[in-house]
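Written below as structure tokens is the structure these notes are about.
The values are calculated or read from the model by the stated rules, or taken from the named source; none is laboratory data. Owing to the predicted nature of the structure, the values given are computational and were not obtained by experimental measurement. Positions of Cβ are backbone-derived with ideal geometry, glycine not excepted, and every protein chain shown enters the neighbour counts.
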Amino acid sequence: MPHKPIPTKPPAEKAFLVGVELRSEKPLISMEDSLSELSLLAQTVNLEVVGEATQRLDTPNPSTLIGKGKVEEIAILAEENMADIIIFDTELSPRHQRDLEETFGAKLRVIDRTALILDIFAQHAHTSEGILQVSLAQYEYRLPRLTRAWTHLARQAGGGGGRAGSVGGVGLRGPGEMQLEVDRREIRKRISVLKKELEKVRAHRQRYRSQRKRSRIPLISLVGYTNAGKSTLLNRITHAEVLVADQLFATLDPTTRRVELPGGHQGLLTDTVGFIQKLPTQLIAAFQATLEEISEADLLIHVVDVTHPNVLEQARSVTDTLKEIQADHIPVITALNKIDRLPQPELVNEILVDFPNAVAISALKGLGINELLQAIERELFENFTPITVQIPHTEGQLISLFHEQGQVTLIEHKRNGVTIQGYIPNRLLARYAAYQNIPPEEPEEYKGDDE
């Protein structure tokens with residue numbers, strides 16, 4: 001009896017990477033390290049990296065970004081390595097994209113880092129909200145890059161809850177420039193629909209956050225560079241079952257679980273999307289509703305992979321992104337993760353020096369988790385900060401909250417609102433940020449009674 005044939009996977013497409021650096025720029029990490037990260041991104045979508053090339057430039061070529069000689073060199077190397085796709089480790093302008101595609105010919109596809117990250121997000125988005133957000137980002141990225149080679153949106157992501165690669169069966173007719181205009185109108189229409197849908201999602205999240213604030217349960221958001229171990233930490237603390245994989249952007253959709261703190265208090269712990277250097281602006285804009293979960297948090301746990309050679313640069317990338325989404329005013333505890341992988345355990349003491357308010361942990365092995373929970377408890381319920389705020393009469397809830405949770409030392413009722421001076425728990429600082437004045441001359445820290 002003949003053996004049943006074993007199904008095989010189709011061979012992985014082969015990718016050739018191109019790193020470009022302008023001498024006038026000051027990149028966060030070196031071009032070589034950035035290319036290594038790009039290689040990991042490519043592997044995440046099952047691409048086989050077969051080679052790479054780099055070029056440092058004083059000024060970019062207006063047509064092809066890199067020099068003519070480098071383009072010819074890459075074309076030869078790509079052919080020798082039988083590459084199917086060329087990936088640039090920088091965002092290509094629409095003109096660079098078009099001219100490079102024409103130069104390399106139909107046999108070689110050309111994409112950039114942004115398109116690759118968008119594709120990874122499209123593959124890892126599973127909730128309706130995640131799919132909406134990724135679809136919007138893909139459409140906004142593709143719109144200025146449409147060419148006649150892209151007629152009928154054949155290479156455009158699907159929208160309205162669909163997956164990448166189709167247009168929902170829309171029948172578009174007509175070649176050339178006429179077809180481009182039809183495609184552009186169709187994409188603009190879909191962008192408009194997606195933005196309306198995401199506005200509904202944003203409104204729903206805002207109502208949820210309002211309910212949470214009334215419940216007085218603090219929200220703790222996990223933030224960090226992709227693959228730093230946020231999902232592993234969420235699973236360890238809350239016994240959740242979030243997917244964990246040793247790859248970039250393994251999880252995309254946010255997950256919230258209740259956490260019990262040592263002093264008997266409770267909190268809501270949210271695992272959010274990982275950050276990365278050169279994070280596409282389209283993603284930040286499209287994921288506004290999700291990223292608001294970070295900017296509305298009472299406390300951030302910044303998870304850092306201490307074993308990564310670019311640990312300080314990755315941490316800075318996260319800090320920069322937090323500033324970009326206006327979440328840099330929220331108290332932060334740094335969780336220095338993966339200490340079980342350090343070749344010498346005492347190295348963690350050297351790393352702790354670079355991170356204020358940090359706890360060394362291993363989310364995988366459970367090391368330091370109790371110390372982290374105790375730090376969260378102190379930050380949320382024990383550490384008080386001096387503050388002076390001017391709160392309008394319309395924000396009666398905030399005035400009441402100050403009296404209930406804080407220590408009032410001075411209060412003045414004025415025509416346009418109430419001025420309150422005193423101390424509040426660190427977890428409430430974000431809620432009063434919009435009404436805060438310069439703090440009075442007081443000791444750096446006030447220890448209030450545990451509730």
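Please go through the range 257-294 and pick out each residue that is polar (S, T, N, Q) and modelled with pLDDT of 85 or more.
Within the range 257-294, 266, 270, 277 meet the criteria.
Quick one: which residue in 297, 335, 327, 315 is out of contact with any helix residue (DSSP H, G or I) (no Cβ under 9 Å at 6 or more places or on another chain), surrounded by 21 or more Cβ atoms within 10 Å (Cβ to Cβ) and among the small types (Gly, Ala, Ser)?
Criteria check complete, one pass: 315.
For the range 366-381, enumerate the residues that are touching a strand residue (DSSP E or B) at 6+ places or on another chain (Cβ under 7 Å) and surrounded by 18 or more Cβ atoms within 10 Å (Cβ to Cβ). Full working, then the answer.
At the first step, the residues of the range 366-381 found to be touching a strand residue (DSSP E or B) at 6+ places or on another chain (Cβ under 7 Å) are 368, 371-372, 375-376, 379-381.
Residues satisfying the conditions are 368, 372, 375, 376, 379, 380, 381.
Any residue in the range 404-424 that is modelled with pLDDT of 85 or more sitting within a Cβ distance under 6 Å of a residue that is among the aromatic types (Phe, Trp, Tyr) and outside any strand (DSSP E or B)? List the pairs, counting only those 6 or more apart or interchain.
The qualifying pairs are 420/402.
Would you confirm whether any residue within the range 352-365 is loosely packed, with under 15 Cβ neighbours inside 10 Å and assigned to a helix (DSSP H, G or I)?
no
Is it true that residue 303 is outside the structural domain of residue 194 (by TED's automatic domain parsing), surrounded by 21 or more Cβ atoms within 10 Å (Cβ to Cβ), in contact with a Phe, Trp or Tyr (Cβ under 9 Å, 6 or more places away or on another chain) and in a loop (DSSP other than H, G, I, E, B)? Steps first, answer last, please.
On the way: outside the structural domain of residue 194 (by TED's automatic domain parsing): yes; surrounded by 21 or more Cβ atoms within 10 Å (Cβ to Cβ): yes; in contact with a Phe, Trp or Tyr (Cβ under 9 Å, 6 or more places away or on another chain): yes; in a loop (DSSP other than H, G, I, E, B): no.
Judged against the criteria, residue 303 is not a match.
Return only the number of the condition from (1) in a helix (DSSP H, G or I); (2) touching a residue at least 60 places away in the same chain (Cβ under 8 Å); (3) not small (Gly, Ala, Ser) that residue 398 does not satisfy.
(2)
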